[in-house]
Amino acid sequence: MIPERPRLPHRNGGRHDAGQAFPLYVVAVAGLLFVAFAVFAVGMAGAARNGTRSAADAAALAAAQSYRDQAYTGFLRDLTGRTGPPAGDWRRWLDGLGDAPATACREAERLARDNGAEPSGPGCAAAPGPDPASLAFDVTVVSRDAVGGSVVPGTENTHPTARSRAVVAPRCRPAADGGDQGPYARLDCDDGPWTVDPAHPDPRLTARTLFAVRLVATD
C-alpha cells in the first residue's frame, strides 16, 4: 500500500483574512490622522486666543499707564495752583476725582494694532474701578488674523476676540494732618511718607510712586 501524502495547508483563507484586515488598517490610520489634525487645530485656536489675549492685556495696560501719567501731571499742576483748579485741589487725584482721560484710549488702540489686533465692540472705555478711588479701563479687541483652515469647519473665518481690564489706583493718601504744608504736600504712601515740592520734585518721585497700575480679572 502506497502511503498517503500529507496535505499542505490551504492558503486561500490567509489571503482572505489579510484582505479583510487591510480596509480596517486604512480606517484606523485615517482616524488617527483626523485626531492628529483636530488636536493641531485646537492648538492653533489656543495659540490665536492667547495672542489676542496678550494684545488686549497690552492695550488695557497702555490705557491705564497713560492715565497714570496724566494723573501725576495733574496732581503736580493742581499742587502749584498756577493753572487749572485752585491750589489744594490736588487731593482729588488721590480720591478718584481727577480729570477725564485724555489720550488713554488712543494709546490702547495703538498698542492693540501693534500686536496684530483691532478694537472691537465697545473698544476702550473708562469705568469705575473696584475701589472708590480707582479708575478702570476695559478694552475689547479682535485679532486681524483668522485661526486658519483645519479639519474643524469654520476656523478659516474665525477671528478670536478678547477683553481685558486694567486699573489705576492711588498708592498715597494725604497725611493724617491733612497734608497741607505751604506749597508742599505731605503724603502717606504704600512705601512710606513723602513730601512733594512741585517746584523742586524729588527725582525719585514718579507717577509710579503715586499711582499703581494692574490687570484685574474680567467676567
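Derivation of every value follows stated rules applied to the coordinates shown; laboratory data play no part. Note that the structure is predicted; figures quoted are calculated from it, not measured. Cβ atoms come from the backbone with ideal geometry, glycine included; neighbour counts cover every protein chain shown.
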Sort 117-126, 183-192 for me by packing, meaning the mean count of neighbouring Cβ atoms within 10 Å per residue, highest on top. 117-126, 183-192
Residue 118-residue 217 FRET efficiency (beta carbon distance; Förster radius 25 Å; 0.05 resolution): 0.60
Among rounded, prolate and oblate, which fits the stretch 85-130 when a ≥ b ≥ c are the square roots of the eigenvalues of its C-alpha gyration tensor, a/c under 1.5 means rounded, and a/b larger than b/c means prolate? prolate
Burial ranking of peptide ranges 96-106, 55-65, 201-211 (average Cβ count within 10 Å, highest at the top): 55-65, 96-106, 201-211
